[in-house]
1. Using a Gaussian network model on the chain with a 10 Å cutoff between Cα atoms, which of 116, 202, 248 fluctuates the most?
2. Which angle between 0 and 90 degrees, to the nearest 10, do you get for helix 107-116 versus the longest principal axis of the chain when only C-alpha atoms count?
3. What is the distance, in nm, between label points placed 7 Å from the Cα along the Cα-to-Cβ direction at residue 207 and at residue 96?
4. On a C-alpha basis, how far is the centre of the stretch 183-229 from the centre of the stretch 131-167 in Å? Whole number, if you could?
5. Using only Cα atoms, tell me the angle between helix 54-65 and the longest principal axis of the chain; keep it within 0 to 90° and round to the nearest 10.
6. Quick check: the angle from helix 131-145's long axis to the longest principal axis of the chain, C-alpha only, nearest 10 degrees?
7. Assuming 0.36 nm per residue, please report the length gained on full extension of the stretch residue 88 to residue 105 beyond their Cα-Cα distance.
8. Sorted by packing (mean other beta-carbon atoms within 10 Å per residue), highest first, where do 15-28, 165-178 land?
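FYI, it's all coordinate maths here, none of it is from the lab. None of these values were measured; they are calculated from a predicted model. Glycine also receives a Cβ, built like all others from the backbone with ideal geometry; neighbour counts cover every protein chain displayed.
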Ligand code: CP
Ligand code: NVA
């Protein structure tokens, strides 16, 4: 049966650790200019309803390095933009492509593509989840903390958004604690917390960011104004003041704590320049790891035996 990657929980623990090992192996080889062509003649279609720098470039580069090919698809240049049904589009794409990655405004769109395609479908960010980001972030945490993932306290500061939801779910696979700190009214969807807890995830919520950051191994933040929320800019900037990841907040975390951000950052809002460019920041490592993690993901969905 074809496997999709719409949520980080579409991976089992075994899938996750297999993907991490493969990503590390491919990363190491790439340092020596070795590019194992594990996906020759495979084609990735990438549909973007929203802007992207990292996701687009890392997927396209990744598929090329694996010996395949990637096609960027703007829905407005497709018949989708003129009203062709999503279900029909999915069926047609399945006749040409090996795998589809979609960044959609609404999670239901990527689900509808997945339901109607008979090739694997990857969620490249929706309003609800960003599983590729979290896969790369777990790779980053594994590089830093080795086999101690299950001992970590990972603190989310800011908006309870799509990246936060995926981080919450990832607690089920990694065993780390995810402590979420948001202003009232911007908490993550309670369903995500409930589902993660039911599946054994260690998820907590503390409104006060300074308290939440106490003894953190990882402080993670993201923009306060996600794509699609631009009209709420003024009210959001007001609501989130006090949730900036700055030097002062960082003092509450453990000495060896690292700061993560999925990027793009709005410097001066959710993170200060000095933290983003400081010694504890691992944001560039995270961005690079999108490439290695997604190469591993595509091999797992499409690899030799499939
Ligand atoms: N982090 C991330 O998904 O970045 P892009 O929006 O640039 O793809
Ligand atoms: N939460 C952000 C993530 C961008 C990668 C957004 O949805 O815009």
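1. Residue with maximal mean-square fluctuation among 116, 202, 248: 248.
2. For 107-116 against the chain, the angle is about 30 degrees.
3. Those two pseudo-labels are separated by 5.2 nm.
4. Their Cα centres are 11 Å away from one another.
5. With both axes taken from Cα atoms, the answer is about 40 degrees.
6. 60 degrees
7. Details: separation 17, 0.36 × 17 = 6.12 nm, distance 1.88 nm.
Computed gain between residue 88 and residue 105 is 4.2 nm.
8. Details: 15-28: 17.9, 165-178: 24.4.
Those peptides, ordered most packed to least, come out 165-178, 15-28.
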